[in-house]
């Protein structure tokens, strides 16, 4: 595409903004319009459950830097796509025409109930409102034992709240593996956090004492608190694409080049890509959003991308209960790790796992409160047989 043509990015997310930046980096000098449904400027989500929720970082620290030559339209939603006329219809009844389209509408929080006031944490406004709710609360319950759920629990505990985390499976084990998840659970227990597992499921109910409660399917109370937060995953924002002819399968279907159709690409949490056995699935994580953004921009411009999704070692991190955990490679890690540096007993350790298939593929590397740069951690995951430690 050359100058004078318009690319519309639907979604003021990290993926959307990163794609817009990549379009400029690849030399596109036409008009780029970014459409977002929030009134805030585009912002990063990872700090919301940490510094923003805890009040240790200013609210405006999350805003992303965007080029001055982007036309950012906020406070409106895309409600329909007309692929024949190449138009995006908006919630304010306006329409915007495109020559190239980037779908980056992300996802919204999955909910446990139909209650309009169910508390979730997905947006900046969610974080600010939850922070205010914490001010007058003594007890906090969190539904969901994933990264987000434990980050919320950690922040609440640091504010002096009595915290209970409830999930239907063993918390974090499916992402961190047994060793690292046990480290987190021990640290959580030391912070006074209770963890309950309800294999029959978890529901949100109303308490007779002015609060909410988490209960099992048979009504047994699992946790009762002044504030109950739901952190049970997300749902891709694809409703506006129904009836457009765009393929949907748990998200917007993309190929290995993030292509949806000849003039449409997608990136981020909204995408669904083929995986093992041909099954489609999403990877709702900031690393995937960043990787796909570069590929999507190159594909839309007919350029060769720097990298393809999945071609680089993924990188993850979380901060909970005094633990700064950074991971590179395959999750969850497979088998027993090798201690490269530090000490498990001191909770300052560098670990490496072999590839899950026992071959020469990508393994896993993890740093728990251990000083190592992200590039070095990634290199260790690429070659987990290395035993020399960081250099």
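A quick yes/no check of all residues on (1) surrounded by 13 or more Cβ atoms within 10 Å (Cβ to Cβ); (2) farther than 27 Å from residue 336 by Cβ; (3) in contact (Cβ under 8 Å) with a residue 60 or more places away in the chain; (4) not assigned by TED's automatic domain parsing to the domain that holds residue 134:
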site	(1), (2), (3), (4)
160	no, yes, no, no
171	yes, no, no, no
181	yes, no, no, no
190	no, no, yes, no
200	no, yes, no, no
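Please tell me if residue 257 is in contact with a helix residue (DSSP H, G or I) (Cβ under 7 Å, 6 or more places away or on another chain) and either buried (at least 20 other Cβ atoms within 10 Å of the Cβ) or assigned by TED's automatic domain parsing to the domain that holds residue 98 (or both).
Details: in contact with a helix residue (DSSP H, G or I) (Cβ under 7 Å, 6 or more places away or on another chain): yes; either buried (at least 20 other Cβ atoms within 10 Å of the Cβ) or assigned by TED's automatic domain parsing to the domain that holds residue 98 (or both): yes.
In short, yes.
Just for segment 18-39: of the residues that are over 19 Å from residue 81 (Cβ atoms), in contact with a strand residue (DSSP E or B) (Cβ under 8 Å, 6 or more places away or on another chain) and touching a residue at least 60 places away in the same chain (Cβ under 8 Å), which one is surrounded by the most Cβ atoms within 10 Å (Cβ to Cβ)?
23
Would you pick out the residues in segment 227-249 that are in contact (Cβ under 8 Å) with a residue 60 or more places away in the chain and in a strand (DSSP E or B)? Spell out how you get there, then give the answer.
Within segment 227-249, the subset in contact (Cβ under 8 Å) with a residue 60 or more places away in the chain is 227-238, 240-241, 243-246.
Passing the criteria: 227, 228, 229, 230, 234, 235, 236.
Which members of segment 334-365 meet the condition of being under 16 Å from residue 379 (Cβ atoms), within 26 Å of the chain's Cα centre (by Cα) and not in a loop (DSSP other than H, G, I, E, B)? Spell out the reasoning first.
Let us first name the residues in segment 334-365 that are under 16 Å from residue 379 (Cβ atoms), namely 338, 340-341, 350-355, 360-365.
If we keep only those that are within 26 Å of the chain's Cα centre (by Cα) too, we end up with 350-355, 361-365.
Correct list: 350, 351, 352, 353, 364, 365.
If you go through segment 261-286, how many residues are crowded, with 18+ Cβ neighbours inside 10 Å, out of contact with any strand residue (DSSP E or B) (no Cβ under 7 Å at 6 or more places or on another chain) and touching a residue at least 60 places away in the same chain (Cβ under 8 Å)?
Final tally of qualifying residues: 2.
State which residue is farthest from the chain's Cα centre (by Cα) when the search covers only segment 370-384 and only residues that are surrounded by fewer than 17 Cβ atoms within 10 Å (Cβ to Cβ) and outside any helix (DSSP H, G or I).
383
Given the criteria modelled with pLDDT of 95 or more, within 21 Å of residue 18 (Cα to Cα), part of a loop (DSSP other than H, G, I, E, B) and touching a strand residue (DSSP E or B) at 6+ places or on another chain (Cβ under 8 Å), does residue 108 qualify? Spell out how you get there, then give the answer.
Values: modelled with pLDDT of 95 or more: yes; within 21 Å of residue 18 (Cα to Cα): yes; part of a loop (DSSP other than H, G, I, E, B): no; touching a strand residue (DSSP E or B) at 6+ places or on another chain (Cβ under 8 Å): yes.
Judged against the criteria, residue 108 is not a match.
In segment 310-326, what residues are at pLDDT below 95 and within 16 Å of residue 376 (Cα to Cα)?
Once the filter is applied, which keeps residues that are at pLDDT below 95 and within 16 Å of residue 376 (Cα to Cα), segment 310-326 yields 312, 313, 314, 315, 316, 317.
Got at least one residue in segment 132-150 being at positive phi, crowded, with 19+ Cβ neighbours inside 10 Å and touching a helix residue (DSSP H, G or I) at 6+ places or on another chain (Cβ under 8 Å)?
Going through segment 132-150, the residues at positive phi turn out to be 144.
Of the ones still in play, those that are also crowded, with 19+ Cβ neighbours inside 10 Å are 144.
So of that shortlist, the ones also touching a helix residue (DSSP H, G or I) at 6+ places or on another chain (Cβ under 8 Å) come out as none.
No, there is no match, as no residue in segment 132-150 is at positive phi, crowded, with 19+ Cβ neighbours inside 10 Å and touching a helix residue (DSSP H, G or I) at 6+ places or on another chain (Cβ under 8 Å).
Would it be correct to say that residue 70 is assigned by TED's automatic domain parsing to the domain that holds residue 247, modelled with pLDDT under 95, under 23 Å from residue 267 (Cα atoms) and in contact with a strand residue (DSSP E or B) (Cβ under 6 Å, 6 or more places away or on another chain)? Step through it out loud before you land on a result.
Working: assigned by TED's automatic domain parsing to the domain that holds residue 247: yes; modelled with pLDDT under 95: yes; under 23 Å from residue 267 (Cα atoms): yes; in contact with a strand residue (DSSP E or B) (Cβ under 6 Å, 6 or more places away or on another chain): yes.
Spelling it out, residue 70 is indeed assigned by TED's automatic domain parsing to the domain that holds residue 247, modelled with pLDDT under 95, under 23 Å from residue 267 (Cα atoms) and in contact with a strand residue (DSSP E or B) (Cβ under 6 Å, 6 or more places away or on another chain).
Matching residues to (1) crowded, with 23+ Cβ neighbours inside 10 Å; (2) touching a residue at least 12 places away in the same chain (Cβ under 8 Å):
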position: 16; (1), (2): yes, yes
position: 58; (1), (2): no, no
position: 71; (1), (2): no, yes
position: 80; (1), (2): no, yes
position: 94; (1), (2): no, yes
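The values are calculated or read from the model by the stated rules, or taken from the named source; none is laboratory data. Remember, predicted model here, so these are calculated numbers, not experimental data. Here Cβ is always computed from backbone atoms with ideal geometry, including for glycine, and neighbour counts include all displayed protein chains.
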